[in-house]
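Novice: Below is the structure I would like to discuss, written out as structure tokens.
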């Protein structure tokens, strides 16, 4: 069983500004045989998005301001 040690970006912004699916992320997802939870956090610059995601992931390290 594969364990992810870091977040995987599923959707990214292409150089033309359009959203695109990352093929490498799809390959990772296709290997998972258990239910998957997708979490998205949006917000303004420096408003605690990384901190919140680290807390949800159970990480005690990361960006804390």
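The values are calculated or read from the model by the stated rules, or taken from the named source; none is laboratory data. As the structure is a computational prediction, the values presented were derived from the model and not from experiment. Here Cβ is always computed from backbone atoms with ideal geometry, including for glycine, and neighbour counts include all displayed protein chains.
Novice: Mind checking whether some residue in the stretch 13-21 is closer than 25 Å to residue 58 by Cβ and either surrounded by 10 or more Cβ atoms within 10 Å (Cβ to Cβ) or touching a helix residue (DSSP H, G or I) at 6+ places or on another chain (Cβ under 9 Å) (or both)?
Specialist: no
Novice: State all residues of the stretch 22-65 that are in contact with a strand residue (DSSP E or B) (Cβ under 9 Å, 6 or more places away or on another chain) and exposed (fewer than 11 other Cβ atoms within 10 Å of the Cβ); if no residue qualifies, say none.
Specialist: Passing the criteria: only 40.
Novice: Which residue out of 12, 16 is more than 16 Å from the chain's Cα centre (by Cα) and modelled with pLDDT of 85 or more?
Specialist: Residue meeting the stated conditions: 16.
Novice: For the stretch 23-43, enumerate the residues that are closer than 22 Å to residue 59 by Cβ and either assigned to a loop (DSSP other than H, G, I, E, B) or modelled with pLDDT of 95 or more (or both).
Specialist: Within the stretch 23-43, 32, 34, 35, 36, 37, 38, 39, 40, 41, 42, 43 meet the criteria.
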